[in-house]
1. Just grab the label-to-label distance for Ser303 and Lys266, each label 7 Å out from Cα along the Cβ direction, in nm (one decimal).
2. Using only alpha carbon pairs under 8 Å that are at least six residues apart, calculate the relative contact order of the chain and give it in whole percent.
3. Which distance in Å, rounded to a whole number, links the C-alpha centroids of the stretch 338-355 and the stretch 375-401?
4. Express in nm, to one decimal, how much length is gained between Asp348 and Thr191 on full extension, taking 0.36 nm for each residue of separation and deducting their alpha carbon distance.
5. Rank Glu72, Glu280 by accessible area, highest first, at a 1.4 Å probe radius?
6. Got the relative contact order for the stretch 5-85 handy, in percent, Cα pairs under 8 Å and 6 or more residues apart?
7. So how tilted is helix 399-408 from the main axis of the chain? Cα-based, degrees 0 to 90, rounded to 10.
8. Spelling out what I want: for every residue of the stretch 453-461, take phi, set θ = phi - 60°, compute 6.51 cos²θ - 1.76 cosθ + 1.60 (Karplus), and round to whole Hz; glycine and proline get x.
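The values are calculated or read from the model by the stated rules, or taken from the named source; none is laboratory data. Since this is a predicted model, take the numbers as computed values, not measurements. Neighbour counts are summed over all protein chains in view; Cβ atoms, including those assigned to glycine, are modelled from backbone coordinates with ideal geometry. For accessibility, only protein heavy atoms count, side chains too; no ligands or nucleic acids. Shrake-Rupley method; radii C 1.70, N 1.55, O 1.52, S 1.80 Å.
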Amino acid sequence: MSETKPAWVRIENLKDHVGQTVTLKGWLANKRGSGKVQFLHLRDGSGYLQCVLGAHDVDADTFERVKHLQQEASVEVTGLVKADERAPYCQMELQANGIVIVGESRDFPIQKKGKGGGDDHDPGFLMDHRHLWMRDRRQWLILRVRATIIKAIRDYFDDHGFLLVDSPIFTANACEGTTTLFETKWFDDSTAYLSQSGQLYQEATALAFGKTYCFGPTFRAEKSKTRRHLNEFWMVEPEVAFMDMWADMDLAEDFLSTIVQKALAKHENEIAEILPSTPEEKEWMTKHLDVLRGVKAPFHRISYDDAVKQIEAIRAEKTDEEEKKLLDIHWGMDFGSPHETELTKRYDKPIMVYGFPAAVKAFYMKKDPNRPEVAMGFDVLAPEGYGEIIGGGQREDNLDLLQKEVERHQLDVSSLGWYFDLRKYGSVPHAGFGLGVERTVAWVCGLHHVRETIPFARTLDRIWP
Ligand code: 4AD
Ligand code: MG
C-alpha cells in the first residue's frame, strides 16, 4: 500500500488540524535560529505560522540549506500541528519533519530592518516595489481589511433590495466637472472619457429597477498630490427612485455604520496591529478603535451654514498666519482638505454636512426650492481629521432647471440627450451617493495616506508597477 501524502492545508484553516501531520506551502517571512534548531516564520497568504525545524528532523544537507535560506524563499514544510499558547501569530506552531525548497530568494529588496519591517524604507522606494511590498505583513493586513469592506458594501446593498447594475467605464460626458477628465481617442474621429462616476447611469437604472448600485473603478485627472487623492479609485454608488436628500442621508448613515461594524468585528486585532509602534501611535489607536465602535446612527448633521461658522471659529483660534490662510472661509466657498481636517478633528463620529452652495457643486444637484442658492447635496466626513468619504444628494428632476444648469456649466448638450430623457418620461425625485473605498479603508485602518489602501496606486507621478 502506498503511503498517503499529508494534506496541504492553509494556515487560516490550521485550527481544525491540531494533532495532525500536514503540509504548508508558502514563503519565509522571517527566520531565526542556530545550528541546532531553525524557527521559520512562514506566510502562505492566508496567515503566518512559526515552523520549528530541528537539525535531526531532516538530513544534514537539507538542514544546511535551510540555515542559509533568505527572506521570501518559497518552501513546502511538513510536520505536526501543535497548539502552543506562547507561539507567535496564532497560538499554534508546526513541529516540522520535512521541508522542500521550491524557490530560492536572494537579497529581497524590502529587508526586515527594524521592528517596522517595510516601514523603514522611504515611501517612494516602497511604491517602486509595490509588487513585492504587498508581501509585507502590514500591507497584507490592510488589503485584507479592504477586501472585507468591499464584501460588506456588496452585502449591504444586496441585502437591502438594491440591484447591482454596472455603469460603463468609457463615457461621452463629464459627471464631476470637465477639468478632471481623462480623455482618450474613440476610433477615428471622436473622443471618449474615463468615467469620473457612474452616477448619471445609475439615475437611468434606478428609474428602471427602483434601487440600484454600481461598484467599479473611477478616474479623475486631478493634479493634486495629497494624501487623499488617487487618479484611479473605487467607488460604490447607490441610487434610489422616489427618495429625497433626507432619506438619502439616513441610508448613508445606516450603510456606513454597518460596513464599519463588520470590518471591526472581523479585524479588530488586525487593525490594532497596523499602525502602532510608538507609544503615541498606540494611544491614538486605542482611541481610534473606540471611535470605530461608536460609528452608529445618529451621526452629527450640520448644515453648510453652521459648518462655515464652526470653521470660522476654529480659524479665529489659530495664531499661525499660514494656517489661518489655509482656513480662509466665507459662505459660498467649497471646503478644501484643510477645512475638513480641522473640522473633523473635533468630532469622534462621522458628520454629515448638507446644503452646500449650489454654485460650487455639480450640475445635477437639485436646488432647495426655498433657497435656490443652496444644493440639496451632502458629504459624509469621517472624524479624526479624515474628512470626506461620501458625497451625494438629491438630483434635479425638473427638465427645464436641469437644462439651464447644463448650459451654465457649458457641458456638451449633445451627449446628454439620453440623460434629459429621464426627466421627460416619468421623472421622479431621486437621490444617491458615492463612497470612496480607499478613503474609507484609510480611515478605518488609521492610515496617513490612501496609497496603501489600493493594490496598485495610480497617482500623478506613478502609473507603475
Ligand atoms: O464627491 P464625489 O466627487 O461624488 C461623486 O462622484 C458623485 N457623483 C457620487 C454620487 O452621488 N453617486 O466623489 C464621491 C467619493 C468622495 O467622497 C471620495 O470618497 C471619493 O469618491 N473620491 C476620491 N477618492 C480618492 N481619490 C480621489 N481623487 C477621489 N475623488 C473622490
Ligand atoms: Mg465630493
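1. Taking the two extended label points, one gets 4.1 nm.
2. Numbers: 871 pairs, mean separation 59.9, N = 465.
It rounds to 13 percent for the chain.
3. Computed from Cα coordinates, the inter-centre distance equals 14 Å.
4. Value of the extension gain: 52.0 nm.
5. On the way: Glu72 15, Glu280 130 Å².
I get Glu280, Glu72, largest accessible area first.
6. 37 percent
7. Value to nearest ten degrees: 80.
8. Listing the rounded values in order: 9, 10, x, 10, 6, 10, 10, 2, 9 Hz.
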